[in-house]
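Worksheet: the structure to be examined is printed underneath.
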Amino acid sequence: MRRQIVFAAALGIAFGVGIGAALADDGGYYVSAEGGVSLPPDLHLDSPTLGRNQDSFGTGFAVGGALGYDTGNGWRVELNTLHQNADVSRLNGTPATGHISSTAVMANATYDLMTGEKVTPYVGAGLGFVNVGGQVNGLSGRDWKPAYQAEAGLRTDIGHDTSLFGEYRFTQSESVALSDSTDTAHQHFSDHALLAGVSLKLN
């Protein structure tokens, strides 16, 4: 249910700022920059001594960018990166300290659902790796893990070579080990991000 609410909010924000149509139909290389909020769901911290724990997070931030190629027929392929950080607020319902952060590097493909329209929704998916880790109540660690992402958004041109976009993006990776002097736990990681940004075509 929370994922559905977040997705609906992302589309609402996108419409609110007038985000829509894709880059020009003649295609070409482009760069983009984006930023927004990170909304991690409740995650699991599995410890051999303490069992399964649930950690909760406050609203964090997310920033990223991409280098891509627009084929001109609705498909875009890109290499993108996104960094997010969110503070831990509770562990098993009690106050906790620490943070979880990640830096994703993904090969991504997106497709415009309505090419040539003023407002064009798009969907996309990607595979890659995430450098994920942080600290949770004294446990700490960081490592590169395989990951995937899925996204949906809207785009609009504001000039021949420039477009604005807004999207919802979900990212998930394998668990990362967090340890202290007596214990090694495995932190599950996933994230919801609401992003807005700008793309510039390279002529």
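Listed values, structure above:
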{"quantity": "One residue from S173, S190, S140, S179 being more than 16 Å from S101 (Cβ to Cβ) and not hydrophobic (A, V, I, L, M, F, W, C)", "calculated": "S179"}
{"quantity": "Residue among H192, H160, H186 that alone is in contact with an Asp or Glu (Cβ under 8 Å, 6 or more places away or on another chain) and either assigned to a strand (DSSP E or B) or not basic (K, R) (or both)", "calculated": "H186"}
{"quantity": "Candidate set: region 163-183, residues that are of a type in the set (D, E) and outside any loop (DSSP other than H, G, I, E, B); chosen: the one nearest to D87 (Cα to Cα)", "calculated": "E174"}
{"quantity": "Residues within region 25-78 that are touching a Gly at 6+ places or on another chain (Cβ under 8 Å), among the polar types (S, T, N, Q) and part of a loop (DSSP other than H, G, I, E, B), tallied", "calculated": "2"}
{"quantity": "Residue in region 138-146 that is under 13 Å from the mean Cα position of the chain (by Cα), farther than 22 Å from Y69 by Cα, modelled with pLDDT of 95 or more and not in a loop (DSSP other than H, G, I, E, B) present", "calculated": "no"}
{"quantity": "Pairs with Cβ under 8 Å, 6+ apart, first in region 60-75 and among the polar types (S, T, N, Q), second assigned to a strand (DSSP E or B)", "calculated": "T71/V77"}
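The rows are residues; the columns are (1) under 12 Å from the mean Cα position of the chain (by Cα); (2) of a type in the set (V, I, T).
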{"position": "V63", "(1), (2)": "yes, yes"}
{"position": "D70", "(1), (2)": "no, no"}
{"position": "V119", "(1), (2)": "no, yes"}
{"position": "V130", "(1), (2)": "yes, yes"}
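The values are calculated or read from the model by the stated rules, or taken from the named source; none is laboratory data. All values reported here derive from a predicted model rather than from experimental measurement. Positions of Cβ are generated from backbone atoms using ideal geometry, with glycine treated the same way; all protein chains shown enter the neighbour counts.
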